[in-house]
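Everything below concerns the one structure shown next.
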Amino acid sequence: MIIGYFKKKYGRFAFRPQYKIANMMWNFHKYDDDDKPSVPHGHSLDGKYKLSIWDGTVYEIKDKKLIKVGTAKKADMKSLNKDKKFTTFVKEEREWYGQEHPYKPLPSLKKGLWSTWKNDDLGFSGYKPQNNFTICIPVKIKASKGATL
């Protein structure tokens, strides 16, 4: 059902389901610095669309902006989310992203991703990400003579 990992140009790896989701074929890139619309997210093979793994939303890419154009069927997402290789891929990609981008926290997997996910290893069950985020601003502080920080 799932092809699994395959090596792409320039040494990048991806995960590609063998079936259509929202009537399109998708690649899920490993080591993708882009966090929009989710980490990870699908790229349509024609490069015109992105798929959020959180809620199945399909976005069209226009002028570097994401425009919502539809939602994948629950059955499509359920098929994807039942695959252990995919859930392992999600976990690995999120771990890598967290290490590479420590100042961009991701929503927790403890509550889950898609409302139909039931995977004991990752604890998926009905999570919808919040718009909460943390901003870290590096600040240089000069101590006055004789003061300690």
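Every number in this text was worked out from the coordinates using simple rules, so none of it is lab data. Note that the coordinates shown come from a computational prediction; the quantities given were computed from them, not determined experimentally.
On a 28 Å Cα-Cα criterion, which of the cross-link pairs Lys30/Lys68; Lys62/Lys82; Lys36/Lys82; Lys30/Lys73; Lys36/Lys73 come out too long?
Exceeds cut-off: Lys62/Lys82.
Rg(Cα) of region 21-80 divided by 2.2 N^0.38 Å?
The reported ratio for this selection is 1.01.
Over 24 Å between Cα atoms: which of Lys84/Lys104; Lys78/Lys104; Lys48/Lys74; Lys20/Lys74 fall into that group?
The answer is Lys84/Lys104; Lys78/Lys104.
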